[in-house]
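To start, the structure itself, in structure tokens.
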Amino acid sequence: MRKLVLGGLVVVVAVGASVGVVLGSGSTAAIKASAVSGTVRMHRVDAPSTKFAGIGTERRRHRAKVIYLETAPFTLQPDTTQAARGPCPRRSRAINGYFGEDGETAVPVFDSIGNSPRIWLIAVHNTGMDPVSAFLGTVCLKP
């Protein structure tokens, strides 16, 4: 608790000092001159380093898992619709559906959660004149 209060106090003092600089100087040149030029390069990371991280930046020990379910490739005849029901494993939830095809004529006509949070329904329709090979899929999230 003491670290949290001390951190809040530091933020308040920093904001007050920056407001004083802005209101006290008539030009932006003083503000630009007081800025620190960065000499250490930054790079992208997944989470803050735990060695130097403060309160509230600890990593969760348990990571969510994304599970993909797909149908086997099937032939979608012209002017027909094919649907699939993707049941996710226990203690997971359906969050999205997807499809793939070898042409450019299949379009999704239904893409929604089913009658349970664990089920995703997806349907595609072939609008072209030739049959296409397609597959349907479901994305599940297991916390």
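No value in this document is a laboratory result; all are computed from the given coordinates. Since the model is a prediction, treat every value here as computed from it, not as a measurement. Glycine gets a Cβ as well: all are built from the backbone with ideal geometry, and neighbour counts include every protein chain shown.
Within a Cβ distance under 15 Å of Thr80, other residues only, what is the Lys/Arg minus Asp/Glu net charge?
Taking every Cβ under 15 Å from that of Thr80, the sum is -3.
Tabulate in residue order the Karplus-calculated ³J(HN,Hα) for the stretch 104-115, using 6.51 cos²θ - 1.76 cosθ + 1.60 with θ = phi - 60°, rounded to whole Hz; enter x for Gly and Pro.
10, 10, 7, 10, x, 10, 8, 8, 7, 6, x, 7
Quick query: amide H of Gly97 versus all other amide H atoms, modeled in the peptide plane; which residues come in under 5 Å with a sequence gap of 5 or more or a different chain?
Amide H neighbours of Gly97, under 5 Å, 5+ apart: Val139.
Near the amide H of Gly103, under 5 Å away, which other amide H atoms are found, from residues 5 or more places off or on another chain, if H is placed in the peptide plane?
It is Ser133, by chain and number.
Give me D for the stretch 68-143 in µm² s⁻¹, whole number, from Stokes-Einstein with Rh from the Kirkwood sum over alpha-carbon pairs, 10 °C and 1.306 mPa s.
It diffuses with D of about 127 µm²/s by this estimate.
State the extension gain, in nm to one decimal, for the chain segment bounded by Tyr68 and Ser133, taking 0.36 nm per residue of separation less the distance between their alpha-carbons.
The Tyr68-Ser133 span can extend by a further 21.5 nm.
Apply 1/(1 + (r/R0)^6) to the Cβ-Cβ distance of Thr75 and Asp111, taking R0 = 25 Å, and write down the FRET efficiency to the nearest 0.05.
0.75
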